[in-house]
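Notes for the one structure printed next.
The values are calculated or read from the model by the stated rules, or taken from the named source; none is laboratory data. Since this is a predicted model, take the numbers as computed values, not measurements. Because the Cβ atoms are built from the backbone with ideal geometry, glycine has one as well, and the counts that use them run over all protein chains shown. To get the accessible areas, we keep the full protein, side chains included, count just its heavy atoms, and leave off ligands, DNA and RNA. Shrake-Rupley method; radii C 1.70, N 1.55, O 1.52, S 1.80 Å.
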Amino acid sequence: MNTVLISILIILFCTAAYLFCHHLRYDNKLTELESEVGHFFGSTISIDTNDVKQNNNYYFGTIGFFLISVSVLLYLTIGSYQHLDSAQVDYNIDYLLVADINKGQKLAIENPGDPLVLLGLAQSYIDGGLYNDALETLDKLLTIDKENSEALGLKATSMYYRDDRLINMDTSLVIARALTQHHEELNTRLLIANDAYLSGNYQKAIDNWNIVLTNKVQAFNRDAINFAIEKSKKKLTQVDTDVAH
């Protein structure tokens, strides 16, 4: 269960609790109003509470149905990973990403020899689909620290997407260097796993995603990796079934 789903459930529960309390207060106010009206006009005149309660329940149910529908829609749109393998390069860079790139460029000018600054700038370029700029920045970083496995992983990733999702000989050499430095390197393993999945090699994808889960150095979304593994297992089972028939 991921963070988005938990957050939606908490908000939905709090909202439903508030509406339920409001519903009870409405019934209590209605009883008091009936008593006051009956006392003022005489005991022969009263308000039919059943009709009013029925009308109140209608709105209460409608609001509840609306909240549940919106919550489910949000989760399906934001919190699911069923389209993990169908990501497409977005060449339209939004203003926030442009601001991030500009900030990274400024920091790189002020700190030209800082590997963390160059690594952050390269990541911003990759996020914006500017793979040639990312490669140029990563090459500068690797002249300073040629043993930087994360930079090698990002370089392999940039080369892969620059070449329209193709692992050629040059990219393979960079991948080998990265894994030599760090066997569980995040970006490199994700690259291999994603390429294997798209090629239909689900077992290879599963193996590399499992290696990612052993990475104790770099941060990543474990829910997404576990979902990808389970999805690949289902694909693999389906392939085996089709072959058996």
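Just give me the residues in the stretch 129-144 being of a type in the set (A, V, I, L, M) and over 15 Å from Val117 (Cβ atoms), in sequence order. So that I can check it myself, show each step before the final result.
Restricting attention to the stretch 129-144, the residues satisfying the condition of being of a type in the set (A, V, I, L, M) are 130, 134-135, 138, 141-142, 144.
If the condition is that a residue be of a type in the set (A, V, I, L, M) and over 15 Å from Val117 (Cβ atoms), then Leu130, Leu135 are the ones that fit.
Looking only at the stretch 121-152, residues that are surrounded by fewer than 14 Cβ atoms within 10 Å (Cβ to Cβ), touching a residue at least 24 places away in the same chain (Cβ under 8 Å) and part of a helix (DSSP H, G or I) come to 2 in all. The one condition from (1) out of contact with any helix residue (DSSP H, G or I) (no Cβ under 6 Å at 6 or more places or on another chain); (2) under 28 Å from Leu97 (Cα atoms); (3) of a type outside the set (Val, Ile, Thr) that Ser124 does not meet is (1).
Suppose the filter is at pLDDT 90 or above and under 22 Å from Arg177 (Cβ atoms); does Gln123 pass it? Don't jump to the end; show me each part of the working.
Numbers: at pLDDT 90 or above: yes; under 22 Å from Arg177 (Cβ atoms): yes.
Yes.
Only one of (1) open to solvent by 60 Å² or more (accessible area, probe 1.4 Å); (2) touching a helix residue (DSSP H, G or I) at 6+ places or on another chain (Cβ under 7 Å) fails for Ala224. Which number is that? The single condition Ala224 does not satisfy is (1).
Does Gly104 satisfy the criteria of being open to solvent by less than 50 Å² (accessible area, probe 1.4 Å) and not in a helix (DSSP H, G or I)? Explain how you work it out, then say what you get.
Values: open to solvent by less than 50 Å² (accessible area, probe 1.4 Å): yes; not in a helix (DSSP H, G or I): no.
Here the answer is no, as Gly104 does not meet what is asked.
Out of the residues in the stretch 107-119 meeting the condition of being assigned to a helix (DSSP H, G or I) and within 16 Å of Thr143 (Cα to Cα), tell me which one is most open to solvent (accessible area, probe 1.4 Å).
Taking the stretch 107-119 as the starting set, the residues that turn out to be assigned to a helix (DSSP H, G or I) are 107-110, 115-119.
In the following step, the residues that additionally are within 16 Å of Thr143 (Cα to Cα) were identified as 108, 115-119.
Numbers: Ala108: 16, Pro115: 44, Leu116: 136, Val117: 26, Leu118: 9, Leu119: 19 Å².
Per the stated criteria, the residue is Leu116.
Using the structure shown, decide if Val174 is of a type in the set (A, V, I, L, M), without any contact (Cβ under 8 Å) to a residue 60 or more places away in the chain, part of a loop (DSSP other than H, G, I, E, B) and within 21 Å of Gln123 (Cβ to Cβ).
On the way: of a type in the set (A, V, I, L, M): yes; without any contact (Cβ under 8 Å) to a residue 60 or more places away in the chain: yes; part of a loop (DSSP other than H, G, I, E, B): no; within 21 Å of Gln123 (Cβ to Cβ): yes.
It is false that Val174 is of a type in the set (A, V, I, L, M), without any contact (Cβ under 8 Å) to a residue 60 or more places away in the chain, part of a loop (DSSP other than H, G, I, E, B) and within 21 Å of Gln123 (Cβ to Cβ).
Among Thr214, Thr157, which is the only one that is within 29 Å of Val239 (Cα to Cα), crowded, with 17+ Cβ neighbours inside 10 Å and at pLDDT 95 or above? So that I can check it myself, show each step before the final result.
Values: Thr214 fails: crowded, with 17+ Cβ neighbours inside 10 Å.
Of Thr214, Thr157, the one residue that is within 29 Å of Val239 (Cα to Cα), crowded, with 17+ Cβ neighbours inside 10 Å and at pLDDT 95 or above is Thr157.
So which residues in the stretch 166-181 are β-branched (Val, Ile, Thr) and open to solvent by 50 Å² or more (accessible area, probe 1.4 Å), if there are any at all?
Start the filter on the stretch 166-181 by keeping residues that are β-branched (Val, Ile, Thr), which leaves 167, 171, 174-175, 180.
Scanning the stretch 166-181 gives Ile167, Thr180.
Out of all the residues in the stretch 190-211, which are among the hydrophobic types (A, V, I, L, M, F, W, C) and surrounded by fewer than 22 Cβ atoms within 10 Å (Cβ to Cβ)?
Within the stretch 190-211, the first condition is being among the hydrophobic types (A, V, I, L, M, F, W, C), and the residues that meet it are 190-193, 196, 198, 205-206, 209, 211.
Within the stretch 190-211, Leu190, Ala196, Leu198, Ile206, Ile211 qualify.
Could we say that Ala219 is within 22 Å of Ser149 (Cβ to Cβ) and open to solvent by 70 Å² or more (accessible area, probe 1.4 Å) here? Here the answer is yes, as Ala219 does meet what is asked.
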